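These notes concern the structure reproduced below.
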Amino acid sequence: MLVQIKSHAQRLGVFQEFQGGHLKIGIDLGGTKIEGVVLDERLRVTARLRIPTEAQQGPEHIISRIAGLVHELKKSNGIEHAAIGVGTPGALAKKTGLLKNSNTVCLNGYPLKDALEVALKQPIRVENDANCFALAESILGAGRGYECVFGVIMGTGCGGGIVLNQKIRSGPQSLAGEWGHMTLDPNGPLCYCGARGCVETFISGSGIEKMHLAQTGVCVSSEKILNSDAPEFSTTQQGFYQRFGSAVANLIAVLDPDIIVLGGGLSNLPGLYDRGVAEVRSRIFGGEMTTPIVQHELGDSAGVIGAALLAP
Ligand SMILES: [Zn+2]
């Protein structure tokens, strides 16, 4: 089998030398698109495909979309065998193996992993997408060389993942790193999870817009609110950075990671790395803070690369 992989790869010019590794396929299952990549044994992306999820057509359809994408990646790259990892919002419940907490709601309560293994006729690994982001950044990105990496996704929602010695820390409820649902304000806005004042209700695009609307009665995009110098946005900006400071100081108090890597759309905000970090520093227990808080290095690809890295 190894010889077959080697000859296919050589024919394709995928890599020059074979070191006993395996090709890996990573799948990032999003609500609107499914992305797939192939990693060679040196962990370089050698192929990439992206298709619409068509989630409205239900779980079985999504499974067949993923199976089709894997088939296409294999066929067009001459691959017979590859280890497969899948990143998805939510997590597999440890007892039942059913998916929970996904924003692709039709998949909640669905045996995603088992169904994919049947469709793909091989064992696969499934992980939370923020965990995949943290794994990729810890092995190939901004968290390289650090023992404990906390990866943060701040975009439409707010997720996170913990990687210890290049292994995802998941926990008995598969909840490790879910800092988006730590309570910042018990009287705060209602979160979709049912609680009030979760980090995500403040540290996310929609959270910022709602904060601004509540304070001013005006509906403005989060991008404009956070990037404008106009005085009418200064209160909302200050509130955002203060909430970021509290949320990150809380997680440092529990985990004290060696580095925090920020990803997602909001991570492009320059203010996070000076103003935001200053707000964290001012709230650290004991006042000493050396934790680097840095932007991701792998861009939007981190999640799908991390999914591929799930494969042993
Ligand atoms: Zn919540």
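Values in this text are rule-based calculations from the coordinates and carry no lab data. Please read all numbers here as calculations on a predicted model, not as lab measurements. For neighbour counting, all protein chains shown are included, and Cβ atoms are generated from backbone atoms with ideal geometry for every residue, glycine included.
7 Å from Cα along Cα→Cβ at both residue 220 and residue 57: what's the point-to-point distance in nm?
4.2 nm
Which order do peptides 54-60, 286-292 fall in by mean Cβ count within 10 Å, highest first?
Details: 54-60: 13.7, 286-292: 11.6.
Put in order of decreasing packing, that is 54-60, 286-292.
Mind sorting 285, 133, 202, 233 by how few other Cβ atoms lie within 10 Å of their own Cβ, fewest first?
With the sparsest Cβ surroundings first, the list reads 285, 233, 202, 133.
For residue 72 and residue 175, what is the calculated FRET efficiency with R₀ set at 35 Å and r taken between the beta-carbons, to the nearest 0.05? Spell out each step's value before the answer.
Working: r = 34 Å, r/R0 = 0.98.
Once rounded, the FRET efficiency stands at 0.55.
Tell me the net charge near residue 98. Cut-off is 13 Å between Cβ atoms, residue 98 excluded, with +1 for each Lys or Arg and -1 for each Asp or Glu.
Numbers: positive: 94, 95, 100, 113; negative: 114.
Net of charged neighbours comes to +3.
State to the nearest 20 debye the size of the charge dipole of region 124-188 about its Cα centre, where the only charges are +1 on K and R beta carbons and -1 on D and E beta carbons.
Working: 4 positive and 6 negative charges, 46 e Å.
For region 124-188, the charge dipole is close to 220 debye.
In whole angstrom, how far apart do the alpha carbon centroids of region 273-312 and region 188-223 sit?
Region 273-312 and region 188-223 have Cα centres separated by 22 Å.
Give me the one-decimal nm value for the distance between modelled label points at residue 210 and residue 147, 7 Å along each residue's Cα-to-Cβ direction.
Those two pseudo-labels are separated by 3.9 nm.
If you stretched the chain out fully between residue 81 and residue 300, how much longer would it get, using 0.36 nm times the residue separation minus the C-alpha to C-alpha distance? Show your work: numbers first, answer last.
Numbers: separation 219, 0.36 × 219 = 78.84 nm, distance 2.62 nm.
Taking residue 81 through residue 300 to full extension adds about 76.2 nm, to one decimal.
Mind ordering 245-257, 298-310, 270-282 by average Cβ neighbours within 10 Å, highest first? Display every interim value, and only then the final one.
Details: 245-257: 18.8, 298-310: 24.8, 270-282: 17.2.
Order by mean packing, descending: 298-310, 245-257, 270-282.
What does the charge count near residue 220 come to, summing +1 for each Lys or Arg and -1 for each Asp or Glu among other residues with Cβ under 10 Å from its Cβ?
Details: positive: 224; negative: 209, 223, 232.
Every neighbour counted, the sum reads -2.
Could you tell me how many degrees, from 0 to 90 and to the nearest 10, lie between the Cα long axis of helix 2-12 and the main elongation axis, the longest principal axis, of the Cα atoms of the chain?
80 degrees
At a 10 Å Cβ-Cβ cut-off, how would you order 114, 129, fewest neighbours first?
Numbers: 114 14, 129 25.
The order, fewest Cβ neighbours first, is 114, 129.
State the Cα centre-to-centre distance between region 83-126 and region 137-164 in whole Å.
21 Å
Nearest 5 is fine: what % of DSSP beta bridges in the chain come out antiparallel, could you say?
On the way: 27 of 44 bridges.
The answer is about 60 percent antiparallel.
Between their Cα atoms, which of 95/121; 33/100; 24/113; 24/94; 33/167; 75/121 are more than 21 Å away from each other?
Checking Cα-Cα distances, 95/121; 24/94; 33/167 exceed 21 Å.
Within 10 Å of each residue's Cβ, count the other Cβ atoms and sort 135, 107 from fewest upward. Spell out each step's value before the answer.
On the way: 135 31, 107 24.
Going from least to most buried by this count: 107, 135.
For the Cα atoms of the chain, what angle does the longest principal axis make with the long axis of helix 234-255, in degrees from 0 to 90, nearest 10?
Once rounded, one gets 60 degrees.
Sum up the charges of everything whose Cβ sits under 11 Å from the Cβ of residue 54, counting Lys and Arg as +1 and Asp and Glu as -1, but leave residue 54 out.
On the way: positive: 33, 65; negative: none.
Local charge sum for residue 54: +2.
Please state, as a whole number in µm²/s, the translational diffusion coefficient that the Stokes-Einstein equation yields for region 142-296 at 10 °C and 1.306 mPa s, with Rh defined as the Kirkwood radius across alpha carbon pairs. Don't jump to the answer; show the numbers that get you there.
Numbers: Rh = 15.8 Å.
Answer, rounded: 101 µm²/s.
DSSP loop trypsin sites (Lys or Arg not before Pro) in region 35-99 with at most 10 other Cβ atoms within 10 Å of their Cβ, which ones? Walk me through the numbers before you get to the answer.
Numbers: sites: 42, 44, 48, 50, 65, 74, 75, 94, 95; in loops: 42, 44, 94, 95.
Here the sparse-neighbourhood loop sites are 95.
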